[in-house]
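Take a look at the structure set out below.
Each reported figure results from applying straightforward, stated rules to the coordinates on display, with no laboratory input. The structure presented is a predicted model; accordingly, all values stated were derived computationally and were not measured. Cβ coordinates were reconstructed from backbone atoms using ideal geometry, including for glycine residues, and neighbour counts include every protein chain displayed.
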Amino acid sequence: MDPGAPARSVTPRSVGPTFSASTSAATAHSHGASGATGAAVTPPRPSPAPAATIRRALITGGCGFLGLRLAAKLAAEGMETVLLDLAPPKQPLPRGATFFAGSVADAAAVDAAFVHASAGAASGLDAVFHVASYGMSGRELRNRGLIWAVNVGGTRHVLDACVRHGVPRLVYVSTVNTIWVGRPILGDDESAPYPPETAYKDPYSATKAAAEKMVIAANGTPLQTPPLPLPSWAKDPGQGGAAATAAAISPTAGIGAIPAGLFVATFGDPQGLVDWIHVENLVQLLALAERGLRAPAIPRDESPGDEQQQAAEHEDDEANSRPQGAGASNAARVEVVAEREGPVAAGQVYYASDGSPINNFDHFKPIIVGLGYRYPSLNMPYAVMYGIAALIEYGWPLLRYIVNDPPLTRMEVGKCAVPHWFSIGKARRELGYAPAVYDRAEVVEHMRAEGWAAGGKAGPWEVRLLGMRLSSGVLLALVVLLLAAAAAAVLHGTQGSAAHSG
């Protein structure tokens, strides 16, 4: 590494949950336990090529749903990887991958992982993919201290380690929660401003936005001479929220409640569209983003004729990623890349999706029906479901003794029902991103093999809910109790105010 050279960063925003045909194979982790110690684990692999020809990357949250697939992709491109995470995965590591136990919330653990990843590499550590995050949904949302420690503190530790160890490239996996705060978004691009900090409804979104801003601001930070090597230095598998953005989750997380009888209605506008992304498409974009930190900026002639041509190309990109009849009010935005200095992706943000927005429940319907379950005909108003989710959140201090995870949260209801999809034209133009089309039938076949079909194992909800098969009637009873409690609280407050006024 060249001391004094600038470190480059790029921030893909995953715009929706990822899905794959091989979902349950990977354990979902998100960060590591502070102060953990352990030896690195390396799987058997063929004799390596000469050290000078091998590139090496560190992946935080590398043993999760997204991290393992990213490691496999990088291995196919001839890159070795070190996977920093809480615990090793249940399946064999990808070729060329090494596991290192630790938490991004622990600065010493992060530094030790960088030392380990740099050891023996002729050119040091070439790139870091910061995938680890925490607090996207469920019980995790209530642990505000840990959410901040992982998402903001962990990102700060990774950035500092990149500078100390002379790592020239950082790819940070963000989330559309940094922009989306519950209002419809129809085809916006990366130029949209951040919402006010007070607009975020949950700590996960607020901390991911803070971390994203840190990464963008760090682009171009001069590297320092790598320090002398330091001495080498949890969650249980399956308890972590998958990293990225946000959004790398298993399909079983979306339909895990169905075998327990909890999926009794859809909700929201059936015409409302959201983005999804297959995990392999997200992996493709992350690899392209790292490559974009090595590629020079795209030269552009700023003559009016060329700008018109660029606008036409942008319109074509938008048409490719826009659903029929949607987003017509969104004007094309033209960005002149020639104004940038350095690699094309340096300091940039890119949206990541399959480029084909779909109603959230329409996405799940072929999977649900394919597994032999009944798809509900009842559609509930969004406001009703949002109110129920709010009551569940407010009543969580009591409900947590009954259920392990909140059945609904306001953020999750909004993500399901409020239309929000984004343009991927920038990633197509600048990085060459070309999302593939995947058949959901692959997901059905895999989940059948895992026992998720009707009549098979019921899934994690039955275990979490005190071993009971929670029927819709029990859920309805809980909702009624919550509504009664809320009404009593309002009545009590009204009477108290009247008494005080008297």
### Task
Using the Cα centre as the reference, give the magnitude of the dipole from point charges on the C-beta atoms of region 130-229 (Lys, Arg: +1; Asp, Glu: -1; all else neutral), rounded to the nearest 20 debye.
320
### Task
Could you list 358, 392 in order of exposure, starting from the residue whose Cβ has the fewest other Cβ atoms within 10 Å?
358, 392
### Task
Kindly state, to the nearest 0.05, the FRET efficiency for residue 119 paired with residue 217, given R0 = 35 Å and r defined as their beta-carbon distance.
0.75
### Message
Just to check I understand the Karplus step: with θ = phi - 60° and J = 6.51 cos²θ - 1.76 cosθ + 1.60, what whole-Hz values come out for region 90-98, glycine and proline as x?
### Response
6, 8, x, 5, x, 4, x, 9, 10
#### Entry: Least to most buried among 439, 111 (fewest other Cβ within 10 Å first)
439, 111
### Task
State the extension gain, in nm to one decimal, for the chain segment bounded by residue 356 and residue 384, taking 0.36 nm per residue of separation less the distance between their alpha-carbons.
7.3 nm
### Environment charge at residue 66 (Cβ cut-off 11 Å; Lys +1, Arg +1, Asp -1, Glu -1)
+1
### Message
Going by amide H atoms built from the backbone, whose H comes under 5 Å of the H on residue 129, apart from near neighbours?
### Response
58, 59, 60, 171
### Message
I'd like the FRET efficiency for residue 77 and residue 398, computed as 1/(1 + (r/R0)^6) with the beta carbon distance as r and R0 of 60 Å, rounded to 0.05.
### Response
0.70
### Message
List the chymotrypsin sites (Phe, Trp or Tyr not before Pro) within region 362-409 that DSSP assigns to loop and that have no more than 13 neighbouring Cβ atoms inside 10 Å.
### Response
401
### Message
Give me, ordered by chain and number, the residues 5 or more places off residue 263 or on other chains with an amide H under 5 Å from its own placed amide H.
### Response
none
### Computed lengthening from residue 194 to residue 143, 0.36 nm per intervening residue step minus Cα-Cα distance
15.9 nm
### Task
Apply the Karplus parameterisation 6.51 cos²θ - 1.76 cosθ + 1.60, with θ equal to phi minus 60°, to every residue of region 393-399 and state each ³J(HN,Hα) to the nearest whole Hz, in sequence, with x for glycine and proline.
5, 5, x, 4, x, 9, 5
### Task
Show the residues, 5+ positions off or on another chain, whose built amide H is closer than 5 Å to the amide H of residue 278.
19, 354
### Query
Taking the Cβ of residue 177 as the center, what net charge do the other residues with Cβ under 12 Å away carry, scoring Lys and Arg +1 and Asp and Glu -1?
+1
